[in-house]
């Protein structure tokens, strides 16, 4: 937040031109999205474990690894976009 400009581009059109602008608070959008997606993935995993009777199994299941991969991909893409927006 310290090195970011006061106004940042929040959206780019198909030609790469910024068409939506916002304040520094826009940088908090990605972490907020990650928190929401993380909570949803956690709730889905808990429901699937209860449904399959695997609540006491102390390992990460295949479906849970997919959720972790999804979170990692969202994080990587959003981090890249934020760094690009602030000029790093």
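How much length would be gained if the chain were fully extended between residue 25 and residue 3, taking 0.36 nm per residue of separation minus their Cα-Cα distance, in nm to one decimal?
Details: separation 22, 0.36 × 22 = 7.92 nm, distance 1.33 nm.
Stretched fully, the residue 25-residue 3 segment lengthens by 6.6 nm.
Roughly how tilted is helix 62-85, in degrees to the nearest 10 and between 0 and 90, from the longest Cα axis of the chain?
For 62-85 against the chain, the angle is about 10 degrees.
Please report 49, 43 as a ranked list, fewest other C-beta atoms within 10 angstrom at the top and most at the bottom. Intermediate values should be presented prior to the final figure.
On the way: 49 16, 43 10.
Starting with the residue having the fewest Cβ neighbours, the order is 43, 49.
Roughly what would the spin-label model give for residue 69 and residue 84, points 7 Å off Cα along C-beta, in nm?
Inter-label distance under the simple model: 2.3 nm.
For the chain, calculate the relative contact order in percent as a whole number, restricting contacts to Cα pairs under 8 Å that are 6 or more residues apart.
It rounds to 29 percent for the chain.
Starting from the Cα-Cα distance between residue 32 and residue 52, subtract it from 0.36 nm times their residue separation and give me the gain in nm to one decimal. Each step should come with its number before you reach the end.
Working: separation 20, 0.36 × 20 = 7.20 nm, distance 3.05 nm.
Residue separation times 0.36 nm, minus the Cα-Cα distance, leaves 4.2 nm.
Quick check: the angle from helix 29-52's long axis to the longest principal axis of the chain, C-alpha only, nearest 10 degrees?
Taking Cα atoms only, the helix is inclined about 10 degrees.
Taken together, the values in this text are just the output of simple stated rules run on the coordinates, not laboratory data. All values derive from a computational prediction rather than experimental measurement. Cβ atoms come from the backbone with ideal geometry, glycine included; neighbour counts cover every protein chain shown.
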